[in-house]
Structures are given as structure tokens and as C-alpha cells.
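So the structure is just underneath, and the comments pick up after that.
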Amino acid sequence: MSARFTFDNRFLGPILITAILVAAHLSFGILEGYSRTGMAIAVAIGAELILGRLTYGRIPHLASAYITGISVGILVRSPFLWAYALASLISIVSKYALRYKGRHLWNPSNFGVSAVLFLAPATVSLLSIQWGNTLWPMVVIWVLGAVIVWRVGRLHISATYVAAFLLFSLVRSAVTGNPWLASVAPITGPMYQLFIFFMVTDPRTTVHSHRGQLVVVVVVAFAEMLLRLAEVVYAPFYALFLVGPASLLVESWLASRALTLDAAPSVGVR
Amino acid sequence: MSDSTRQRALWLVWSAMLLASLAAVVVLNGRSAGTAAPAFSHVERPGPGGTDALARYGFVLEESARRLGVEFVHQGPAFDKQLDHIMPQVASMGAAVAVADFDRDGWPDFYVTNSGEASLNHLYRNRGDGTFTDVAAAMGVADVNAAGSGVSMGAVWGDYDNDGYDDLFLYKYGRPELFHNDAGRGFTPVGERAGLPRWINANAAVWFDYDRDGRLDLFVAGYWSENLDLWHLSTTRIMPESFEYAENGGRKYLFHNLGGGKFEEVALKLGLASRRWTLAAAAADLAGTGYPDLFLANDYGVPQLYLNQGGRAFVEAGRDTRVALAPKSGMNAAFGDIFNDGRLAIYKTNISEPGVLVQANDLWVPKKGGPLEYDDLASSLGVDLGGWSWGAQFGDLNNDGTLDLYLTNGYVSAGERSSYWYDFAVIATGHSAIIGDAKNWPAMRGRSLSGYQRKRVWLNDGAGRFTDVAQVVGATDTFDGRAVALADFSNSGALDVLVANQRGPLLLYKNRVQPGRHWIEFELEGRSSNRSGIGARVELQWNGRRQVQEVSGGSGFSAQNDRRLHYGLGAMTSIERAVVRWPSGRRQAIDHPTLDTLNRIVEPE
């Protein structure tokens with residue numbers, strides 16, 4: 001393949017999420033106003049520029065901050081501009097403040113959105129609407145999203161999450177007595193598309209091994225099931241909030257342990 | 001400074017910034033929701049109707065329905081058994097109230113609807129001594145919910161034949177009816193002769209003279225499809241196809257008054273082709289053309305603003321005027337000149353449930369100058385969060401010269417410790433194939449859905465801020481409120497508040513205003529214009545201020561205020577002028593009208 005056909009994969013995420021936003025807004029008007037989404041994006045990028053420059057001495061790549069800002073702009077629902085600004089700010093700052101062994105622990109927008117949902121229940125909610133009345137926009141997003149996450153090597157994570165969600169929805173239905181379709185309903189909404197394609201697949205906040213990624217995402221889905229059985233409306237976000245960092249810490253601990261074990265025999269031999 | 005020290009210092013700064021941001025979220029949440037510093041937190045709560053509240057806010061409300069002879073408890077319907085598992089929410093409307101002086105004795109009366117099969121509607125006649133008597137049966141408007149004919153959802157008064165007596169249009173989930181007022185001595189059903197359809201599942205109707213021909217026309221908004229008999233369903237695929245984009249509701253009707261008791265249905269011909277799930281409608285001249293425009297608050301979607309094209313057509317301008325940018329769950333349509341500058345703001349209620357869904361109510365205020373375009377100032381002015389909001393009306397409750405806002409709320413109050421919200425939120429996100437079928441909806445099993453909510457009485461300070469004083473002034477009920485209607489029942493210059501509650505008692509809050517606050521009221525009677533004066537606009541000018549009000553043929557949610565216009569004046573002891581613009585286009589100025597009384601104005605021939 002010639003060089004002119006190479007493409008920086010870091011642009012794929014921003015392109016997809018922008019496509020989702022534009023398509024959703026033009027088709028169904030999901031944005032209450034450009035000012036709120038604009039505020040979220042501007043704050044995320046501004047914070048990333050300042051914090052990145054001060055921390056690393058250089059201007060960071062802004063794709064991640066853009067995705068964070070636009071995710072906040074789509075997901076957060078509030079009549080107050082401060083909610084968008086603070087959700088973005090918290091998301092970005094969390095990357096720099098909540099670190100362990102050089103890695104940030106939470107997916108930024110997952111942290112920011114979860115924080116404002118938890119701390120400001122009276123004034124902030126989550127995008128909870130469906131994606132219009134027809135299935136085709138969802139199919140387009142699914143196909144486009146699948147192609148992109150496949151290209152960046154994360155399709156197995158999204159696919160495993162969806163399979164686990166469907167499986168656990170059967171369990172929820174059996175436990176609650178609610179129709180299975182009601183249990184499945186959330187995954188047909190746009191909120192979940194952002195979650196499936198952008199949050200659970202975040203390379204910076206997922207474990208490294210392929211197998212580990214599958215295990216973690218199943219645990220996320222399982223935790224979500226437990227939270228849903230407890231009637232927690234924002235279950236997927238809180239599940240990832242809890243499981244994501246824990247999995248990274250476990251991975252680090254296992255890596256340290258492996259290093260120790262590797263080192264121990266040689267010492268003994270010596 | 002070494003690099004590691006610098007990195008550690010920066011980490012401390014970022015950590016502090018994170019903590020500060022999280023703290024800011026908590027503080028702003030409290031302030032924005034009005035819980036951090038309620039306006040009355042430093043006031044020793046006097047209890048409902050206390051003298052402290054009277055002195056501080058200028059009025060108190062006292063719930064007096066039973067004492068004044070109003071003993072009405074709304075009954076809900078029971079639809080097809082296939083809906084049993086979600087019956088409390090699908091059968092959640094029908095409590096409505098409409099005010100008019102039907103017998104022209106000078107005292108406002110009111111009609112209240114019931115929705116149980118075979119239940120009776122009530123017509124309360126004001127006896128002039130502060131008490132009321134139910135005369136519905138004697139007048140022939142009580143027994144209107146017979147099996148097979150559907151059940152009442154609301155009613156609006158309007159003198160369609162210009163005989164001087166307000167007639168009554170009753171809309172239902174079922175067969176609508178038009179009752180001719182026989183000179184205040186009784187009512188005769190004339191719907192069939194008038195050409196009304198056999199069945200409409202309607203939740204809103206409004207009288208207005210859209211073509212200014214001097215005869216009142218009638219707009220009726222379907223909610224459920226008119227093809228559904230909710231008691232005999234052949235399918236459970238009856239629900240909205242979307243929580244926010246549904247267009248499979250009932251059709252709209254515009255009955256053009258031909259005179260002689262005949263109406264012609266012209267909705268499609270004039271461009272009213274919506275099938276959105278309309279819950280409230282109100283008409284006023286919003287575009288300043290002299291013709292009444294039509295605002296629809298729709299459940300499961302964006303509202304619609306139909307601009308009147310000279311009485312020949314309506315053009316939907318929701319997006320162009322920016323009121324239809326975000327789909328919500330609209331349940332109320334009321335107009336008010338909240339800044340005393342002649343601009344009519346639109347108040348639309350929606351759903352806000354902490355921790356689940358914060359749609360927030362909308363207060364659409366027209367921009368000054370230029371083409372008609374609105375800004376939502378609900379958050380800025382503090383009238384955005386009202387729970388699961390239903391009916392709301394503007395009125396100067398304390399006679400200080402600015403319009404206040406009374407809001408009722410609450411959806412389903414059942415189990416006090418159990419909530420249906422999680423299941424509701426889950427199904428609401430589903431694709432149309434899921435949400436559209438009632439059998440997919442989780443069973444409610446006696447759980448509440450935004451039940452037992454506290455009401456809002458927002459006082460307008462005239463400087464761009466509304467303050468909720470409901471609990472202090474005495475609006476302390478927690479019923480599932482639906483309709484709110486305002487009227488000065490004792491002709492004393494104080495606006496009383498009627499609240500119709502779903503499966504609950506009708507409340508009559510008597511208003512006691514602090515002495516020394518002046519007021520003026522107008523009763524308009526058209527001649528070239530429709531006799532009810534609906535659509536007439538009165539601009540009151542005093543002390544450099546002006547306040548505009550229009551006579552309404554229905555507003556709020558399933559409600560109609562008294563058509564008499566009420567203005568509070570505060571300490572003003574004289575006013576300069578009242579200018580009436582009649583629907584016919586004629587203008588009439590009254591210099592120095594008399595204060596503290598009801599002024600009767602007849603349109604000049």
C-alpha cells in the first residue's frame with residue numbers, strides 16, 4: 001500500500017462521532033442548541049490544550065479531547081450551560097489527576113458524565129431518547145461503527161459487550177418478569193451507540209490483552225445487569241465507571257506479580 | 001525545580017482542580033434546582049395562609065372547595081383489559097375545568113369534567129355569596145359519560161352563535177358534543193347537527209375566530225388516533241412510536257363556523273395536518289398580524305406553532321421561530337406578558353424527574369424586533385423545574401402589576417415508596433417496534449410515577465426573576481394535578497385558583513390579597529367581533545408600563561380561565577389608558593378607566 005493511502009487512525013473516532021452527531025441532529029434534532037454542544041467541545045479542547053501543554057510541555061493531539069467534548073455534548077441533558085462545561089472540564093482533568101503508573105484510569109467522558117449525573121441529579125440527565133422511528137439510521141451507525149472499531153482492532157470488545165448485554169437481558173427479564181423486549185430496549189437507543197463504540201473500546205482505559213479485554217467487557221455487562229436489577233437508570237455508565245479502573249489496577253497488579261515471579265527463580269538459581 | 005517535583009506539583013494542582021470542579025457541580029446543582037437557597041429559607045414558615053406570607057408576598061391561598069360547596073372527586077376511566085398492566089398511565093387524563101359566567105348573572109361559574117364510565121360532570125353555579133351549587137344535572141350537562149360514548153377529557157366555553165350566552169364544547173376520548181346554551185336556563189346537545197365527527201380521542205380544544213368573520217371557530221386536537229376505541233382494542237400496537245419523535249397520534253380538526261349552527265371541518269385544507277400527540281393548545285396573535293396563531297404543546301415530540309396566514313391558511317413555523325428545536329413531552333400552552341412590554345411569552349410544561357430525566361419546562365420569550373423568533377428563558381427566570389408538570393396559568397396573584405405563574409404537577413401517585421421510573425426510562429429509549437406496542441411495556445404494579453409532587457407558585461418580581469412561594473402561601477396539596485384555571489369568583493379583584501386533579505378532589509384556592517393593592521378587570525363583549533370577545537387584546541398603560549392580555553378560548557392544560565381580564569396594579573391609584581383591539585380590527589381606547597372594579601366594554605357598532 002502506498003504511503004498516500006495511509007490514514008491516521010486517531011481521526012477515525014472524531015469522524016465517526018461527528019457523523020453520528022450531524023446525522024442525528026439533521027434527522028431528528030437531538031441537540032437542544034449548538035451553544036451547549038459547542039460549550040462542551042470548547043471546554044474539553046481548551047482544557048486539554050492547557051493541561052497537556054503544562055504537563056508534557058507540548059500541545060497534545062486533540063482527537064481525544066474532541067471526542068470527549070462531543071460525547072459530553074450529546075450525552076448530557078440539562079437546561080444549564082454549566083453542566084456541559086463542568087462535565088467536559090471534569091472529564092479532561094480526570095485524565096491528568098487520576099493516574100496510576102502513568103495511565104489514566106477512567107475513560108474521560110465516562111468519568112465526567114458519571115460525575116455530573118451522580119452529583120447533580122436535579123439538573124442533569126442523560127440523553128435517553130430513541131433514534132427516530134426507523135431502524136435504518138441505527139443500521140448505518142452500527143455498520144459504520146463496526147468498520148471503524150474493527151480497523152482500530154477493537155471490534156471484539158464491542159461485539160462481546162453486545163452479546164453479553166443481550167444474554168444478561170434474558171436474565172433480567174426472567175428475574176423481573178418484564179417483557180424481554182423491554183429489557184433489550186435501551187440498546188436500540190443512541191446513548192448506547194456512543195457507549196459501545198467509544199467508551200468500552202477506549203484504548204487508554206482498557207486492559208492490554210485480547211482475552212483480558214473480553215473478560216473485562218463481560219464483567220462490565222454483568223455489573224450493568226446488577227445495577228439495572230437495582231433500577232439504576234444510568235447503569236452502563238456506572239458499571240464502566242466501577243469496572244474499568246478496577247480492571248486496570250488488577251492488570252497492573254498481575255503484571256507486577258509476573259515480574260516478581262519471573263525475577264524470583266533467577267535469583268534462586270543464582 | 002526538578003522535573004519530578006514539577007510534575008508532582010502539577011498533579012496536585014490538577015487534583016485540586018478536579019475536586020473544585022466536582023464541588024462546583026454540587027453547588028450549582030443545588031442553586032439551579034432551588035434547593036440550596038430557597039427564597040423563603042430565612043422566613044419562619046408561617047404555615048399555609050399565615051399573616052407573614054400575606055405581608056411578605058402580598059397574598060395567601062386557602063383551599064376552600066368543600067367549605068364553598070364544591071365536592072367533586074375525579075374518577076378515571078378503565079380501558080380495554082389488554083392495558084391493565086399500564087392503566088394508571090394510559091388512563092391518566094380527564095380532570096379538566098373551564099370557567100364562564102354561563103347564566104350571565106355577573107358571577108363566574110365553572111364546569112368540571114369526570115372520566116369514569118357513567119360518572120357525572122359537574123357545573124358549579126356561583127351563587128354570588130361565595131358558595132357554589134352543582135346544577136349540571138338540571139342543565140343537562142351532567143350525564144355525558146355513558147358507556148359506549150367515551151369519557152370526558154375537557155371542555156371550553158364560547159358563544160358560537162353570538163346570542164350572548166356561552167355555549168359549551170365537550171371533548172372526550174369518544175363522541176364529542178356541542179351544547180347550546182339556552183339563555184342560561186339549560187343546554188341542548190347540537191353536535192350532530194353541527195357536523196361534529198362521531199369519535200375523537202382529544203385532549204385539547206380551543207375556541208378562536210381564525211378568519212375574523214365574527215363567528216367563533218373551533219380547534220380540536222386528537223391525542224390517540226381517532227380510529228381507536230380504547231375500550232375495545234383489536235391490537236396493542238397503539239402506543240407512541242417514539243418517546244420524542246412520535247407522529248402516530250390523533251389528527252387535528254378545525255371546525256369553521258358557517259353560521260346557523262353549522263360547522264365545516266377544514267384542518268387539512270388550511271394546513272393543519274399534524275398527527276402529533278397534542279396535549280394542549282392555545283391561540284393568540286403571536287406574530288402581530290391581527291390574526292390568531294395557534295400553539296400546540298405535543299407529548300412525545302416538538303411543539304408546533306401554526307402562524308395564521310390572514311385567515312386563509314396556517315403555516316407551521318416551530319423550527320423557524322426556534323420553539324421546536326428540542327423534542328420534549330409538552331403538556332401546557334399558556335401566554336403571558338411577563339415583562340410588561342407587550343410581548344406574549346409562551347409557557348410549555350414538560351417532564352423533570354431528578355436523577356432520570358430533566359427536560360425542563362420552556363418559557364419562550366419573543367425577541368425584540370426582527371422576524372418572530374423566541375428564546376427559552378425558563379432557566380434564566382427560574383421557572384424551568386416543576387417536576388412532571390401539567391397545567392399552568394399566568395395571572396397576577398398578588399396584584400403587584402406583574403404576571404405570576406401557577407403550576408400543578410404529578411403524574412401517578414400510587415405506592416409511596418416504589419417508583420416506576422426505571423422501567424419507564426427503559427422502555428422510553430426503545431425503538432418504535434418496542435415502545436409502540438403496549439404489551440412490551442413493563443407492568444406498573446402499583447408503583448408511582450412522579451407522584452406526590454409539590455406544586456409551584458412562581459412570583460414574578462418584575463425584574464426578571466420568578467420565586468417559588470407555593471408552600472408558604474398555602475398551595476400545599478400533592479395530588480396529581482392536571483388543569484389550572486384562574487378566576488375572580490367573588491368579584492373582589494383577587495384571582496382564585498381552581499385545580500382539577502386526576503383521580504382526586506377539585507381544589508378551589510381562595511385568594512386573599514393584601515389590602516391596598518389595586519386592580520382592574522375588563523369584561524369584553526363583541527359586536528362585529530364574536531360576542532365572547534375571544535381574541536380581543538387589551539393593552540393597559542400606566543406609569544410608563546404596559547401590559548397586554550388577550551381573551552382566551554382555552555389555555556393551559558384542559559382548562560379555560562375566566563374570559564374576564566384581570567390586571568393587578570400595586571400601589572397605582574390611576575391608570576392612563578386601556579386600548580382594546582377587537583378581533584374585527586377595530587380599536588377602542590378608554591381613558592382613565594375605573595380602578596378596583598370590573599369594567600364592562602362593548603365593542604362599538
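Applying 1/(1 + (r/R0)^6) with R0 = 22 Å to the Cβ-Cβ distance of residue B:380 and residue B:320 gives a FRET efficiency near 0.45. Under 5 Å from the amide H of residue B:532 lie the amide H atoms of B:159, B:526, each residue being 5 or more positions distant or on a separate chain, with H modelled from the backbone and absent for Pro and chain starts.
The Cα atoms of the range B:489-559 give a gyration tensor whose axes a ≥ b ≥ c have a/c of 1.5 or more with a/b no greater than b/c, which makes the shape oblate. Counting, for every residue in A:226-233, the Cβ atoms of other protein chains within 10 Å of its Cβ and taking the mean gives 3. Normalised by residue count, the range B:454-605 yields a Cα convex hull volume of 124 Å³ per residue.
Under the membrane-span-like helix rule (DSSP H runs whose alpha carbons stretch at least 30 Å along the helix axis, mean Kyte-Doolittle hydropathy 0.5 or higher), chain A yields A:34-56, A:155-176, A:235-269. Sequence-ordered 3J(HN,Hα) estimates for the range B:344-354 from the Karplus curve with 6.51, -1.76 and 1.60 and θ = phi - 60° stand at 8, 7, 10, 10, 10, 8, 9, 10, 9, 10, x Hz, glycine and proline given as x. Remark: spin-label model distance residue B:461-residue B:439 equals 5.7 nm, labels positioned 7 Å along the Cα→Cβ axis. Please state the shape class of the range B:526-596: rounded when a/c is under 1.5, otherwise prolate if a/b exceeds b/c and oblate if not, all from the C-alpha gyration tensor. Taking the square roots of the gyration eigenvalues as a ≥ b ≥ c, the range B:526-596 is oblate. Over all projection directions, the Cα-based convex hull of the protein assembly as shown averages an area of 42.5 nm². Expressed in units of 2.2 N^0.38 Å, where N is the residue count, the Cα radius of gyration of the range B:561-605 is 1.25.
Extension gain for the segment residue B:600 to residue B:417, taken as residue separation times 0.36 nm less the Cα-Cα distance, is 60.7 nm to one decimal.
Inter-chain neighbour count for A:172-181: the average number of beta-carbon atoms from partner chains within 10 Å of each residue's beta-carbon is 4. Across the range B:449-538, the volume of the C-alpha convex hull divided among the residues equals 166 Å³ per residue.
Spin-label pair residue A:253-residue A:99: with each label point 7 Å from Cα along the Cα-Cβ axis, the two points sit 2.3 nm from one another. Counting every other Cβ atom within 10 Å of each residue's Cβ, A:250, B:112 order from fewest to most as A:250, B:112. Ranking of B:534, A:92, B:435 by neighbouring Cβ atoms within 10 Å, starting from the fewest: B:435, B:534, A:92. Beyond 27 Å, what percent of the Cα pairs of chain A remain? Looking at chain A, the distances longer than 27 Å represent 41 percent of pairs.
Between residue B:3 and residue A:261, the FRET efficiency estimated from the beta carbon spacing at R0 = 22 angstrom works out to 0.10.
At 0.36 nm per residue, and after removing the present C-alpha to C-alpha distance, how many nm does the segment from residue B:543 to residue B:182 gain when stretched out fully? Difference between extended and current length: 125.6 nm.
Gyration tensor over the Cα atoms of chain B: the corresponding equivalent ellipsoid has semi-axes (square roots of 5 times the eigenvalues, largest first) of 37, 31, 24 Å. Under the rule a/c < 1.5 gives rounded, and otherwise a/b versus b/c splits prolate from oblate, where does the range B:39-191 land using the Cα gyration tensor? Judged from the Cα gyration tensor, the range B:39-191 comes out oblate (a/c at least 1.5, b/c at or above a/b). 3J(HN,Hα) along the range B:81-88, derived from phi through the Karplus expression 6.51 cos²θ - 1.76 cosθ + 1.60 where θ = phi - 60°, amounts to 4, 5, 9, 3, 5, 10, 4, x Hz, with x in place of Gly and Pro. Listing B:439, B:172 from fewest to most neighbouring C-beta atoms within 10 Å gives B:439, B:172.
Counted by Cβ distance under 13 Å from residue B:481, the other residues give a net charge of +2, where Lys and Arg count +1 and Asp and Glu count -1. Taken one residue at a time, the phi angles of the range B:202-211 give Karplus couplings (6.51, -1.76, 1.60, θ = phi - 60°) of 9, 10, 8, 7, 8, 8, 6, 9, 5, 10 Hz. Gly and Pro are set to x. Loop-located trypsin sites (Lys or Arg not before Pro) across the range A:9-73 with a Cβ neighbour count of 11 or fewer within 10 Å are A:58, with loop assigned by DSSP. For residue B:127 and residue B:478 in the same chain, what is the full-extension length gain: residue separation times 0.36 nm, less their Cα-Cα distance, in nm? Roughly 123.5 nm would be gained on extension. Amide H contacts of residue B:387: B:352, each under 5 Å away and 5 or more positions distant or on a separate chain (H built 1.01 Å from N in the peptide plane; Pro and chain starts excluded).
Coordinate-derived values only; no laboratory data. Computed from a predicted model, the values in this text were never measured in an experiment. Heads up, the Cβs are rebuilt from the backbone with ideal geometry, glycines too, and the neighbour counts pull from every protein chain shown.
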